[in-house]
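Enquirer: Questions regarding the structure given below will be posed in turn.
None of the figures in this text is laboratory data; all of them are computed from the coordinates on show. Everything numeric here is computed off the predicted structure, so don't read it as measured data. For neighbour counting, all protein chains shown are included, and Cβ atoms are generated from backbone atoms with ideal geometry for every residue, glycine included.
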Amino acid sequence: MWQSIKIAISVVVTAMLLFHGCSIYVSTTSKELKKNRFLVLSMYLSLSDSALGLEFIYHNILVFMNSQGVTFQYQCLMIVHLAGGTIMSSLIQTLLICIERLNATFTIQKDILVFACSNKGVLLYFILSHCIALLRFGMATVDGPVPCDPKNTATTILLFSHDIPCLCIVVAIISCYGVVVYRMIRSQNFLQASSMTDSQVAKKKANAIRTRRNAVTLGLIIAVTLVAVLPRSMLAFYFYMGNTSAITGTLIMIINNFFILLNPVLDPVIYVLRIKKYRQYLRCKCLKKNAVSDLTNSTAVS
C-alpha cells in the first residue's frame, strides 16, 4: 500500500516538473511576458514548486532504498525539513503576487511594496525560509535519526516553526486579496462617477479589465493554496491536542503528500486556463515549432 502511494506520488511529481519546466521556459524566453511583473512572480512560484518536486523525488529515492543507515536517515530528516522551507517559500511567493496586485491598484506605486516584490526580495525570502528549515533540522537532530518514512511529522517543532507561520501567511494572503478586491470595486465606482475624456476612460477600463482578470487568476491560486495548506495545519493542531487515535497512517500519508502537491501541480494549469498570452507562447514554444516572432508578426498584420 505504502509503495503504491509512493509510486503514484512519483508519477504526479514527474508530471508537475514537466508542467513547470514548460512554464519556466515560456516565461524566461518571452520578452513580452517578462515585462509583466505578475507573470514574473508566477515564474518564481514555479521555481519554488519545482524545487519542492525535486525534494519529493529525492526523498522517495531514499525511501525506496530502504536503508537503515544513520546517514540515510539524517538525509531523509533534512529533506523533510527543507521541503517544509520550500512550501513556506511558495506561500510567500503567493503573498508577493497579492502584494504586487495590491500595488497595481494605486495610481502611484508604493516604493516599499515595489521593494517587497523585487527580485532581491524574492531571493531573500527564499533563503530565509530555508535557513529556518535548516535551523529546525539542527534542533531535530538532538533526538537522533528517525525512519525515512515516519508515520507522523506533526511534531511540536514543526507546529510552531512551520505550520503556524504558514497559517499566518495564508491569513495574510486572504487579507491582502480582500483589500485588492475592495480597491478594485472602489476604483470601478470612481470611474463611473468621474468626468474624463473618452480616451482616458478607455485606458482606465482596459487597465481595470486586466487587473480584474489577474485578480480572478490570483483568486484561483489562493483557493488551491487553502485546500493544500489547511488540512496539514488541521492535522498538526489535532496531533498537538493529543488526538491521535482516529488518524490512520494512510490518511497522514495523503495529507502530507497529495494535499501538499495539489498546489504546485495545479498552478501551471491555472496559468494555461486564465492567461491568454501565456497560452499563446506555450503553444508556440512547447507544442509547436513556430517561433514567437511568427506569432507576433501575424498579430501585427491582423
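Enquirer: Using a cut-off of 12 Å between beta-carbons, work out the net charge of the residues near ARG37 (Lys and Arg +1, Asp and Glu -1, ARG37 not included).
Expert: Spelling it out: positives minus negatives among the neighbours equals +2.
Enquirer: Hey, another quick one. Please compute the length gained on full extension between PHE259 and THR14, using 0.36 nm multiplied by the number of residues separating them and subtracting their Cα-Cα distance.
Expert: 86.6 nm
Enquirer: Between ASN66 and VAL142, what is 0.36 nm times their sequence separation minus the Cα-Cα distance? Round to one decimal in nm.
Expert: 25.1 nm
Enquirer: May I pose another question? What is the calculated FRET efficiency for ILE164 to LYS34, with r their C-beta to C-beta distance and R₀ = 45 Å, to the nearest 0.05? Let's see the in-between values first.
Expert: Details: r = 36 Å, r/R0 = 0.80.
So, using R0 = 45 Å, E works out to roughly 0.80.
Enquirer: Among the listed pairs LYS6/LYS34; LYS35/LYS110; LYS35/LYS276; LYS6/LYS277; LYS34/LYS276; LYS110/LYS205, give every one whose C-alpha distance is greater than 26 Å.
Expert: Listed pairs above 26 Å: LYS6/LYS34; LYS6/LYS277.
Enquirer: Something else now. What is the sum of charges, Lys and Arg at +1 and Asp and Glu at -1, for the other residues whose Cβ falls under 12 Å from the Cβ of ILE61? The partial results should precede the final answer.
Expert: On the way: positive: LYS6; negative: GLU55.
That sum, taken over residues with Cβ under 12 Å, equals 0.
Enquirer: At 0.36 nm per residue, and after removing the present C-alpha to C-alpha distance, how many nm does the segment from LEU135 to ILE157 gain when stretched out fully?
Expert: Length difference between fully extended and current span is 6.9 nm.
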